[in-house]
Amino acid sequence: MGKIIFYEDRNFKGRSYECDSECSDLHSHFSRCNSIRVDSGDWMVFERPGYMGYQYFLKKGEYPDYQQWMGFNDCVRSCRLIPTSQSSHRIMIYEKPELGGETMELTDDCPSLNELFNCNDVYSCNVRDGYWIFYELPNYKGRQYLMNPGEYSRFNEWGSTTSRVGSIRRIAM
């Protein structure tokens, strides 16, 4: 079980809303979000309702303003508690859509896809075990995409507008 608290103003001030499960539309609870406190669990917060738009991964801790979670603005409209996995992690990434072309397997974090595989693009993937995050840039920076177990035939299925992936990280306890 997890717990996350959203605050309209910086430094945990102003109107707040406490959440302990996923919520597809937070708009009725607050108009803007400038700080967040994660009391327990791992969370993905989304810029738009329905788990759309920019995504931000948050672990237990305090985020006194939206720049602390690498936010582009003060807009948070949905959130999802991420199950943490104690089991193994395994993901297959592909150089072409529809799980085609060369394939690469990862079982651990990858701070630079280019250094490890000499590529910066992932066109499709199959998350076999665990939960992962794709980052647009190396060293876990840039836009983030939560990867749940399952097949993704094209990059737009995980919410991206491009095939660019710079780094990949497991969500583990």
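The values are calculated or read from the model by the stated rules, or taken from the named source; none is laboratory data. This structure is a prediction, so every number in the text was calculated from the model and none was measured. Neighbour counts run over all protein chains shown; Cβ positions are idealised from the backbone, glycine included. Quick note on the areas: whole protein, heavy atoms, side chains included, nothing else; ligands and nucleic acids left out. Shrake-Rupley method; radii C 1.70, N 1.55, O 1.52, S 1.80 Å.
Take Y152 and tell me if it is touching a strand residue (DSSP E or B) at 6+ places or on another chain (Cβ under 6 Å), under 23 Å from K60 (Cα atoms), open to solvent by 20 Å² or more (accessible area, probe 1.4 Å) and without any contact (Cβ under 8 Å) to a residue 40 or more places away in the chain. Walk me through how you get there before you give the answer.
Values: touching a strand residue (DSSP E or B) at 6+ places or on another chain (Cβ under 6 Å): yes; under 23 Å from K60 (Cα atoms): no; open to solvent by 20 Å² or more (accessible area, probe 1.4 Å): yes; without any contact (Cβ under 8 Å) to a residue 40 or more places away in the chain: yes.
When the stated conditions are applied, Y152 does not pass them.
Can you find a residue in segment 118-127 that is on the phi > 0 side of the Ramachandran plot, at pLDDT below 95 and assigned to a strand (DSSP E or B)? So that I can check it myself, show each step before the final result.
Initial filter on segment 118-127 (on the phi > 0 side of the Ramachandran plot): 118.
Adding the requirement that they be at pLDDT below 95 leaves 118.
Subsequent filtering for residues that are assigned to a strand (DSSP E or B) retains none.
No: segment 118-127 contains no residue that is on the phi > 0 side of the Ramachandran plot, at pLDDT below 95 and assigned to a strand (DSSP E or B).
Looking at segment 112-133, is at least one residue touching a helix residue (DSSP H, G or I) at 6+ places or on another chain (Cβ under 7 Å) and open to solvent by 60 Å² or more (accessible area, probe 1.4 Å)?
Yes; the residues of segment 112-133 include at least one that is touching a helix residue (DSSP H, G or I) at 6+ places or on another chain (Cβ under 7 Å) and open to solvent by 60 Å² or more (accessible area, probe 1.4 Å).
Can you name the residue in segment 44-100 that is hydroxyl-bearing (S, T, Y) and more than 14 Å from the chain's Cα centre (by Cα) and is also modelled with the lowest pLDDT among such residues?
We begin by selecting, within segment 44-100, every residue hydroxyl-bearing (S, T, Y); these are 51, 54, 56, 63, 66, 78, 84-85, 87-88, 94.
Narrowing the set further to residues that are more than 14 Å from the chain's Cα centre (by Cα) leaves 63, 66, 85, 87-88, 94.
Details: Y63: 97, Y66: 91, S85: 66, S87: 78, S88: 89, Y94: 97.
For segment 44-100, the residue satisfying everything is S85.
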